[in-house]
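> The structure follows.
The values are calculated or read from the model by the stated rules, or taken from the named source; none is laboratory data. As the structure is a prediction and not an experimental result, all values here were calculated from the model. Reconstructed Cβ throughout: ideal geometry from the backbone, glycine too, with neighbour counts over all protein chains shown. Accessible surface areas use protein heavy atoms only, side chains included; no ligands, DNA or RNA. Shrake-Rupley method; radii C 1.70, N 1.55, O 1.52, S 1.80 Å.
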Amino acid sequence: MSVLSRIFRPLTRLPHLALLRAFRPGNKIVSTALILLYLSHCLDSKAVSPVLLEADRLSWLGNWNAAGPLYEKAEWFFKAEGDSHKEIHARIGRIRAQGNSRRWEDVSQSLADQLKDPIVQSDKKLHLWCLVLKGYVDLDLDIVASKRSWQEALQIADASGERRWASRARGELGIIAFLEGDTGAAVSLVGRALLFALASGDSAEQVRLLSMLGNGYNEVHRFKESLWFFQHAISIAEGTPGAGFPFMAYAGRATALSGVGRSADARQLLKKALATARAERRRDEESQALVLLGRVDVKTGATEEAKTYFKDAARIAAEAGFYRNLAQAMSDAAALYRNEGDLKSAGAALTVSLQASRRLGDTYYLPRNLTGLAEVRAAEKRVSEADTLFGAAEDVMDGILINAHSPIAIRAMVDLTRETYLQHFKLVKQEGNVARAVGLIERIRSRDSEAGIYLRDKNDRPSGSGALLESEITKLQLTLLRTENQNTRSSLLDKLSQLERNLAYEQNEIDHSQLLTTSASLEQIQTALRNDEEFIEYVLDEPHAFCIVLTKQLARIVTLPAGENHITQLLKEYEGEIKAPRLAVAHELYRILLQPILRFQKSRLIIASDGPLGQLPFEALRDRKGNYLIQSDVVTYVPSGSTIWSQRNAGGRPRAQRAVLAMGDVDYTRAVAVSKLRKLPLPSMILRGLEKVLASQMVDLPESREEVLSITRAVGGRSTVLLGREATETAFKSQPLSEFSAIHLAVHAMPDSEYPERSSLILGVDPSATDDGLLQVREIMHLHLNADLVTLSACETGTTGDAGVVSLGEAFLIGGAKAVVVSLWNVEDHSTTMLMEYFYTHLAQGDDKATALARAKRDFIAQNKNNSPFHWAGFVMVGEGSSTLSFGPR
């Protein structure tokens, strides 16, 4: 035995992985000659393979910080061994891992060079390996290049049976589709990838895609819903041995926490992410954490600290070549500069941000930069340039909206684009172009009214898997309804969220054609108005709000004597005292919102509100003499002026043949198992809403029976009544809903601010059927109605909250109703019954819908000493109110 063999022989008894980790390239103590001699005597490729396998495992889990050194060692050893294929495999991994210390563009170029290697081109696995890593890297450099890599990777993976990489490729192509503005394709691709990741146990991909979905909810400011995605992503990552730190989930959760007002918790999460990023020398995540810390400081008023964070983030992002973080940091810094009046610095920052977004190819974020720069140019009085920039932003947003696959997605995007159209509206208004200013507001607000037509025109029947998911959701919700144990309820709610996510993916897969919206021009709206009508469209802003006023002969834009902040504060005071509102608040709202525009002497007002004004019953405001507006005017509400034009010009819709479908007196005791039933004493004032859906706490609505019977007596005709144990969800859905002229539901309602698609009308449960008694928003939107009127005689059916939220009333409009009577707050059982009896009596006498509701409110005021608006003003009519109902022969 040679001397060298005697030296190395004890080493060969060490575990191979531990032994290989002991050697580092460049080690000054152990010379290259000794290492090579050791390899020739003691090692073969099988001995080195565990290192490469461990590196692959860690990189698959996203832990590049730990995988990098192992790839470096494996590359060195396989080079010495002469195994070119494994050497290149390790080299590609090592190049990707070095992204923490090199410019991202250099990493991309090095991977591109590897793709040219003849060995890589001839070896499908190596080719796939290099393509996917380049696809990941280029996502932060050039999404066109990233898309090209992932498309090629998907082809290779599908052809070679690499199902895991094929699924990951679809997920990344979904993320790219989102950045390109194609939200429908994004949901489809990400949904398929997530389902596969769950089935195959790919924990790292679950973490990535759950974080991406959570970010999607953050984008539309639905922060409460997004928290579920991030918490699950973090739990999966922390429960997976060897997984990398879930930076995206931490960043997303911090954004959501800040969005719901928990700034301290958000800052704590970001500090942890920042410390980890710095320890692992991950400059991408470091710059992102700095941007988000700056945003938290902006929300808490620490603007100087925020500037420092943005500057540091921009510097790091520019040095490392992370263009998305650079665009975000400079855009946020520009907003601070502009608020301080430093237009020059704001313009310079936005120019950098815009260049970075264009360099990336991020269509989704491009309008943000275009709008910001347009606002700066407008402030600099460079009107023509600002006009062009606003127009460019709107064109990009139109392309994004065309690819939205649901009314909820459309509504969310509309809310996000509001600022662009508002600022453009102000610019055009200053130029005195009323017609163009009206067109800009209608261009964005018409999306709401078109969304319902869009959905109803599609083949939206659930697929086989979609129907199965709906069935599982129904069973789970029925169990939840009957469960009081909080731990059990928490587990059920968690499972419910997963099923709802899967159902949303299935519904997105329904074949959708492109949405072609038609916004009405000023002239078209005026043509559609009656001689006695005045259309009023509010536009909230600071320091002054605006109001578009249109009659058949007149078109004006009125500047109101207050701004959005003051109006919002008054609305909060009014809402807080609705049972006995102070006269001063009602007077002040009247002075600001109505007095400047009521001089045109029209008796029918059609109001398109804006933001928080959507929760205000204008008919309850009072003039100087103390008279309510409803005592002199008829009021209805619409999403936009385009709604009036489109509904009054719609043709070919057959008249419903039946009179009224009315439901009430629901037997809520059947919603809970007999063993758990406990009768509650009836409160002195029964509200038609529930704070939580818990069957054992439901109270019956005793007066709803007489309400339904009196309505059907008044209208006669071919009416159908569902009362008591017949008033179930199953019975309602089994009716020929498209044949009824009116639908009246006197039931409990449950709006859900955290999960809006769960908002429900609470009907009865048929023990022999599978329905859960919850008629939810997601179900209502898919009803095929032909009703001229739907009346929701329940609580808070017209309330909306965050972006993308569809209220119960709006869901019925999407489902096909021409007009819906909804409530803005918790309504009381007895007064509601009285109001509805008056309403349907006037309808039966031939009044149009809006006039009938106005006269019902006047009757209530005249015949009740306690005529507080709480008892009559909460019900408002949304949609087409000028038509009468035909109930047929009595």
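> At 7 Å along the Cα-to-beta-carbon direction for both His85 and Gln631, put a label point, then send me their distance in nm to one decimal.
Here the modelled spin labels are 9.1 nm apart.
> For a protection proxy built on the mean count of beta-carbon atoms within 10 angstrom, sort 146-153, 815-822 highest first, please.
815-822, 146-153
> Work out the FRET efficiency for Gln735 and Ile119 from their Cβ-Cβ distance, taking R0 = 51 Å, and round it to the nearest 0.05.
My answer for the efficiency is 0.15.
> Just to confirm, what accessible area per residue do you get for segment 214-362 at 1.4 Å probe, in whole Å²?
Ligands and nucleic acids excluded, the result is 40 Å² per residue.
> Here's a follow-up. May I ask you to give the percent of accessible area on segment 42-112 that is carbon plus sulfur, with a probe radius of 1.4 Å?
46
> Moving on to the next point. Starting at the first residue of segment 764-777, write each ³J(HN,Hα) from the Karplus equation 6.51 cos²θ - 1.76 cosθ + 1.60 with θ = phi - 60°, in whole Hz, x for Gly and Pro.
x, 10, 8, x, 8, 10, 9, 5, 9, x, 9, 8, 9, 3
> Stretch Arg725-Ala435 to full length: gain in nm at 0.36 nm per residue minus the Cα-Cα span?
Using 0.36 nm per residue and subtracting the Cα-Cα distance, I get 98.9 nm.
> Can I ask one more? Taking a probe of 1.4 angstrom, what is the accessible area of Trp165 in Å², to the nearest 10?
Its heavy atoms expose roughly 40 Å² to the probe.
> Quick check on my link table: of Lys311/Lys344; Lys73/Lys116; Lys381/Lys429; Lys426/Lys552, which ones sit more than 19 Å apart, alpha carbon to alpha carbon?
Long pairs (Cα-Cα over 19 Å): Lys73/Lys116; Lys426/Lys552.
> If you don't mind, another one. Ala749's amide H: which non-local residues (gap 5+, or another chain) put their own amide H closer than 5 Å, with H modeled 1.01 Å from N in plane and none for Pro or chain starts?
Gly689, Leu690, Ile762, Cys795
> Can you tell me the FRET efficiency between Leu53 and Glu472 if r is taken as the Cβ-Cβ distance and R0 is 45 Å, rounded to the nearest 0.05?
About 0.70, to the nearest 0.05.
> Please state, as a whole number in µm²/s, the translational diffusion coefficient that the Stokes-Einstein equation yields for segment 80-196 at 20 °C and 1.002 mPa s, with Rh defined as the Kirkwood radius across alpha carbon pairs.
Taking Rh from Cα pairs, D becomes 147 µm²/s.
> OK, next. Listed highest first by mean packing, meaning other Cβ atoms within 10 Å per residue, what order do 831-844, 235-248 come in?
831-844, 235-248
> Now a separate question. Taking 0.36 nm per residue of separation and subtracting the Cα-Cα distance, what length does fully extending Arg164 through Val383 add?
Contour length minus the Cα-Cα distance gives 73.6 nm.
> Now for a separate question. Hey, which aspartates and glutamates would be in cross-link range of Lys857, C-alpha to C-alpha under 12 Å, not counting anything within fewer than 8 residues on its own chain?
Reachable aspartates and glutamates: Glu619, Asp633, Glu837.
> Cross-link partners among aspartates and glutamates for Lys125, C-alpha distance below 18 Å, same-chain residues fewer than 8 apart left out?
Glu54, Asp56, Glu75, Asp83, Glu87, Asp113, Asp117, Glu152, Asp158, Glu162
> If amide hydrogens are placed 1.01 Å from N in the peptide plane, which non-local residues have theirs closer than 5 Å to the one on Val790?
Placed amide hydrogens put Ile743, Ala819, Val820, Val821 under 5 Å from Val790.
> Taking 56 Å as R0, compute the FRET efficiency from the Cβ-Cβ separation of Glu542 and Asp667 and round it to 0.05.
With R0 = 56 Å, the Cβ-Cβ based efficiency is 0.65.
> Also: Testing the spin-label approximation: label points 7 Å from Cα along Cα→Cβ at Ser235 and Glu575. State their distance in nm.
Taking the two extended label points, one gets 3.2 nm.
> To continue, here is another question. Starting from the Cα gyration tensor of segment 298-404, take the square roots of the eigenvalues, sort them a ≥ b ≥ c, and report rounded, prolate or oblate (rounded when a/c is under 1.5, otherwise prolate if a/b is larger than b/c, else oblate).
Here segment 298-404 falls in the oblate category.
> Can you tell me the length gained on complete extension of the stretch Thr884 to Thr559, counting 0.36 nm per residue apart and subtracting the Cα distance?
Using 0.36 nm per residue and subtracting the Cα-Cα distance, I get 113.5 nm.
> Next up: Measuring from label point to label point, each 7 Å out along Cα→Cβ, what is the Ser521 to Arg655 span in nm?
Label-label distance for Ser521 and Arg655, simple model: 3.4 nm.
> Based on the mean of other beta carbon atoms within 10 Å per residue, what is the order of 569-576, 179-186, 856-863, most packed first?
Ranking the peptides 569-576, 179-186, 856-863 by packing returns 179-186, 856-863, 569-576.
> Please list the non-local residues whose amide H lies under 5 Å from the amide H of Ala727, H modeled 1.01 Å from N, same-chain partners needing a gap of 5 or more.
Amide H neighbours of Ala727, under 5 Å, 5+ apart: Asp667.
> Residue by residue through segment 243-248, which ³J(HN,Hα) values in whole Hz follow from phi under the Karplus form 6.51 cos²θ - 1.76 cosθ + 1.60 (θ = phi - 60°), with glycine and proline marked x?
Coupling constants for segment 243-248: 5, x, 5, x, 4, 5 Hz.
> Moving on to the next point. Decide, for segment 208-252, between rounded, prolate and oblate: order the square roots of the alpha carbon gyration tensor eigenvalues as a ≥ b ≥ c, take rounded if a/c falls under 1.5, and otherwise choose prolate if a/b is larger than b/c, else oblate.
Since a/c reaches 1.5 and a/b is larger than b/c, the shape of segment 208-252 is classed as prolate.
> If you don't mind, another one. I need the GluC sites (Glu not before Pro) found in segment 737-768, filtered to DSSP loop residues with at most 10 other beta carbons within 10 Å of theirs.
When the GluC sites (Glu not before Pro) of segment 737-768 are filtered for loop state and at most 10 Cβ neighbours within 10 Å, nothing remains.
> Could I ask something else about it? Calculate one ³J(HN,Hα) per residue across segment 78-83 by plugging θ = phi - 60° into the Karplus curve 6.51 cos²θ - 1.76 cosθ + 1.60, and present them in order as whole Hz with x for glycine and proline.
Whole-Hz 3J(HN,Hα) from phi for segment 78-83: 5, 5, 5, 6, x, 8.
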